[in-house]
Amino acid sequence: MSTSAKTTPQTKTKIKTPVYQRRRRQVYVTSAVVLVLAIAAVIWAVTSGSSNPAALPSFTISVSQGSVASPDSIIESQTSLAKLIPAQLHYVPFEAGVTAIAELKSGAVQAISGVGNPPTTEAIGEGIGVTVVMGWGFDDDQLLVPSSITEPAQLAGKSVGVLVGSSEDYELLGYLALEHLTGKVKVVPFADENAAGAAAVSGAIDSAYVYGVPAAELVEKGYHPLVNAEQIAKLGIPGLDVIAVATSAVNRDPTLVQDYVCAELQGSRDMTGPQAARYLAASSAAQGVPGSQIVAATKGYPFIPPGQQLFWLGSTLHDPTSRIVQAYQQTAQFLVSPGRLTSVPSAAQIAAHIDITFVQKALAGDCPS
């Protein structure tokens, strides 16, 4: 006897995953997503964060404009050189040393390119946080006298025009003292060098200590230089234009300052080297004058070359016997008479504001970037 069996399909029973296992799986997935996002963020920061301008600090430099170029105008006109400085660079016109120091004190600028003795010395004497990191150059002034005067002694009884209260004023008075002419020559103060030159051209005064256009006008009239600022500096009365940085910037970001000094040194080499004409012409936009004028005016300007940096700034850190310290002490004595300083800072006080380590490293090629 046969029987037929009725087959019915089996229904699969769905086994539920325990709640704790589902939660654990969700935690693992969430953790993996977070980890991937974190890694992506790190990679983005490493690859693009350093080149993001918004991530860089601001660094504002007070620079001079006109017919004579500077290492800063070379940096400004060379993108590759500017990129060596890890900052957003900004440039503001250099109106006067005293104004630039005030801007540095307020935090509006972090560096001054080419500031002279009186403003820097006055800042040190008043306790303003300023640090000299590199030499820039000498003044380009000349003591222009009539052809009849060929010796310093012949200046006795004559008059000389000069920019009052300036590095030039300090240099001229120092030179006259060296030549034993103090009180024997009438020093006539002027508010600007153009006025001093014009007074000499008109015959109102006998001579003038000037540079640039006023000097050229006097030379055209037959005047000749009896002495110039660089020669006076070598006689022991140096008027040094320097690169000064806010001490707060030095303390906050020494690497940035080091890169800036390295770029400054390279800029000075470019503007005085075999390709100088090309670099100078390219800086015309930054200087605001035609390139041909810059090349002619800058050629032969008494910049402080790399090889003489430590000669003037000292060979050891904060050296109280360095030439620049001596120059600033002489300048302080000059500033006490009109009441711009109440006393002469000590050599140690002045030396504390001179830091040669940045230019030392730059000269050795030890640049971070």
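Here are some notes:
- For the stretch 315-332, the criterion of being of a type in the set (Gly, Ala, Ser), more than 17 Å from the chain's Cα centre (by Cα) and open to solvent by 20 Å² or more (accessible area, probe 1.4 Å) is met by at least one residue.
- Subset of the stretch 196-207 that is in a helix (DSSP H, G or I) and open to solvent by 20 Å² or more (accessible area, probe 1.4 Å) - its residue that is farthest from LYS158 (Cα to Cα): ALA198
- Helices (runs of 4 or more DSSP H) wholly inside the stretch 244-305 that include at least 3 residues being in contact with a strand residue (DSSP E or B) (Cβ under 8 Å, 6 or more places away or on another chain) and more than 22 Å from ASP139 (Cα to Cα): 247-252, 254-272
- Filter result for ALA362 (closer than 16 Å to LEU240 by Cβ and either open to solvent by less than 50 Å² (accessible area, probe 1.4 Å) or touching a Lys or Arg at 6+ places or on another chain (Cβ under 8 Å) (or both)): no
- The combined condition, being in contact (Cβ under 8 Å) with a residue 24 or more places away in the chain and more than 20 Å from SER159 (Cα to Cα), is not fulfilled by GLN231.
- Yes/no for GLN258 being surrounded by fewer than 24 Cβ atoms within 10 Å (Cβ to Cβ) and within 13 Å of ALA111 (Cα to Cα): yes
- Among residues of the stretch 337-351 being of a type in the set (A, V, I, L, M) and open to solvent by 40 Å² or more (accessible area, probe 1.4 Å), the one that is nearest to LEU310 (Cα to Cα) is ALA348.
- The sole residue among PRO214, PRO225, PRO238 that is out of contact with any Cys (no Cβ under 7 Å at 6 or more places or on another chain) and either open to solvent by 40 Å² or more (accessible area, probe 1.4 Å) or farther than 21 Å from GLY300 by Cβ (or both) is PRO225.
Results for (1) open to solvent by less than 60 Å² (accessible area, probe 1.4 Å); (2) more than 21 Å from SER80 (Cβ to Cβ), shown as yes or no for each residue.
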{"position": "ALA263", "(1), (2)": "yes, no"}
{"position": "SER283", "(1), (2)": "yes, no"}
{"position": "VAL289", "(1), (2)": "yes, yes"}
{"position": "LYS299", "(1), (2)": "no, yes"}
{"position": "LEU313", "(1), (2)": "yes, yes"}
{"position": "LEU335", "(1), (2)": "yes, yes"}
{"position": "HIS353", "(1), (2)": "yes, yes"}
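- Contacts under 6 angstrom Cβ, first residue in the stretch 90-109 being on the phi < 0 side of the Ramachandran plot, partner open to solvent by less than 60 Å² (accessible area, probe 1.4 Å) and assigned to a loop (DSSP other than H, G, I, E, B), 6 or more apart: PHE94/SER64; GLY97/GLY116; ALA100/PHE94; GLU103/VAL109; LYS105/ILE128
- Pair list, Cβ under 8 Å, 6 or more apart: the stretch 342-367 residue under 17 Å from PRO320 (Cβ atoms), other residue of a type in the set (Gly, Ala, Ser) and part of a loop (DSSP other than H, G, I, E, B): ALA351/GLY314; ALA351/SER322; ILE354/GLY314; ILE354/SER322; ILE356/GLY314; ILE356/SER315
- Output for the stretch 159-195, where each listed residue is over 21 Å from TYR328 (Cβ atoms), within 28 Å of the chain's Cα centre (by Cα), buried (at least 19 other Cβ atoms within 10 Å of the Cβ) and of a type outside the set (D, E, K, R): PHE190
- For the stretch 232-254, the set of residues classified as modelled with pLDDT under 95, of a type outside the set (D, E, K, R) and over 15 Å from the mean Cα position of the chain (by Cα) consists of ILE232, ALA233, LEU235, GLY236, ILE237, PRO238, GLY239, listed by residue number.
- Residue in the stretch 56-74 that is part of a helix (DSSP H, G or I) and open to solvent by 40 Å² or more (accessible area, probe 1.4 Å) present: no
- Exactly one residue out of LEU218, LEU181 is in contact with a helix residue (DSSP H, G or I) (Cβ under 7 Å, 6 or more places away or on another chain), farther than 26 Å from GLY135 by Cβ and without any contact (Cβ under 8 Å) to a residue 60 or more places away in the chain, and it is LEU181.
The values are calculated or read from the model by the stated rules, or taken from the named source; none is laboratory data. None of the values given here were measured: they were computed from a predicted structure. Cβ sites come from the backbone with ideal geometry, for glycine too, and all protein chains shown count toward neighbours. Each accessible area value is taken on the protein alone, full model and side chains, heavy atoms only, with ligands, DNA and RNA left out. Shrake-Rupley method; radii C 1.70, N 1.55, O 1.52, S 1.80 Å.
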